[in-house]
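The next block holds one structure in the form of structure tokens; read it before the comments.
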């Protein structure tokens, strides 16, 4: 039996290989780890969607990651912001780029979202 490969974010993962997925996207939520066992078909579908969304297109993966950081900060979603910042750092995104994205967040979502994102980014980019 051959090992199933799952495309995700421009990478191919062995089914259930959460460590490699985490290295590339920043952090894999516990519910997603569990989904691989409880509903493999759904897990694979999410990985395919992930690959489609995060692959370079009109926007680069790096640009999309900055958008995701801004969205997570505006929603004040601890988990999502931390995961997106970890993934961004892994992609070579700089603190200056994060800062600029967070300025857009400030204009559209207000000072609390900006401060929230900046505080978390300062921890990740130490």
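Looking at 80, 70, 101, can you tell me which residue is in a helix (DSSP H, G or I), assigned by TED's automatic domain parsing to the domain that holds residue 118, in contact (Cβ under 8 Å) with a residue 24 or more places away in the chain and under 12 Å from the mean Cα position of the chain (by Cα)?
Working: 80 fails: in contact (Cβ under 8 Å) with a residue 24 or more places away in the chain; 101 fails: under 12 Å from the mean Cα position of the chain (by Cα).
When all the criteria are applied, what remains is 70.
Annotation: residue 58 fulfils all but one of (1) at pLDDT 95 or above; (2) touching a helix residue (DSSP H, G or I) at 6+ places or on another chain (Cβ under 7 Å); (3) not in a helix (DSSP H, G or I); the unmet one is (2). Only residues that are free of Cβ contacts under 8 Å to residues at least 60 places away in the same chain and loosely packed, with under 15 Cβ neighbours inside 10 Å were counted across the range 83-98, and they come to 3. Just for the range 26-45: of the residues that are under 23 Å from residue 89 (Cα atoms) and out of contact with any helix residue (DSSP H, G or I) (no Cβ under 6 Å at 6 or more places or on another chain), which one is surrounded by the most Cβ atoms within 10 Å (Cβ to Cβ)? Applying the filter and picking the extreme gives 32.
The values are calculated or read from the model by the stated rules, or taken from the named source; none is laboratory data. Since this is a predicted model, take the numbers as computed values, not measurements. Cβ: placed from backbone, ideal geometry, glycine included. Neighbour counts: every protein chain shown.
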